[in-house]
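This report refers to the structure that appears directly beneath it.
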Amino acid sequence: MDEEEVKPPPQQEPDKVIETPDGPVEVFRFPKEL
Amino acid sequence: MPIKSFMYPAVRVDVVTLDPDQVVTHSRAVLDDVIGTIYVQGTILPADDRTWPAIVNHVWRPRLSWDTWKTAEGPAETTIKAGPEGCQSVCLSRTRGQGRNVQHIALDGSAPIPAGWGVVVAYGTAIIGGQQGEQGNYFAPRDEDREVTGSGDLLLVR
């Protein structure tokens, strides 16, 4: 029986990076749903 | 270390990774939208003298138990400190004012996903329908039951 091909997770870049006192926050506004 | 904030329509997923001994302050306004949190690595400590419930990694902490350390009025903010090895947590927050039901699955092998539930990968790796997901990824709900394989912490959202 053939093994099921598995798609890797999507590679996504943040839409913006916000600098905060606690460090940078990478914001993904519309990340891809699986 | 950066905070990763994934803003899905159904739920917001924040992956918070703190360096060793890093101190952060969360405002009440942010906490008010929190559905719950799961700690997945390291330890976290209170940074003040407030009573702090024991935090166990890989246990979903809904908002109700998160409230237990608050004063009657509720604090304007709370400050926490990572342990000597740092820590990582995944926090779910409501979007558009909508609360969500959340169920935690400690995945080790396979598990059923009932129809109508979305799946957040909080830790580890999950495969559903031939698609692999990792930390921060969200599998949208489907009309049919599904099976998930892999290992880690999954948060079912409805």
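Values in this text are rule-based calculations from the coordinates and carry no lab data. What you see is a predicted model, and the numbers here were worked out from it, not measured in a lab. In this analysis, Cβ positions are derived from the backbone assuming ideal geometry, glycine residues included, and neighbour counts consider all displayed protein chains.
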Cβ neighbours within 10 Å from other chains - mean over B:123-132: 3
GluC sites (Glu not before Pro) within chain A: DSSP coil, no more than 12 neighbouring Cβ in 10 Å: A:GLU3, A:GLU4, A:GLU5
Neighbour net charge for B:LEU92 - beta-carbon separation under 9 angstrom, K R +1, D E -1: +2
5 angstrom amide H check on B:GLN132, placed H, neighbours 5+ away: A:LYS7
Sparse-neighbourhood loop sites, chymotrypsin sites (Phe, Trp or Tyr not before Pro) in the range B:116-147 - DSSP loop, at most 12 other Cβ within 10 angstrom: none
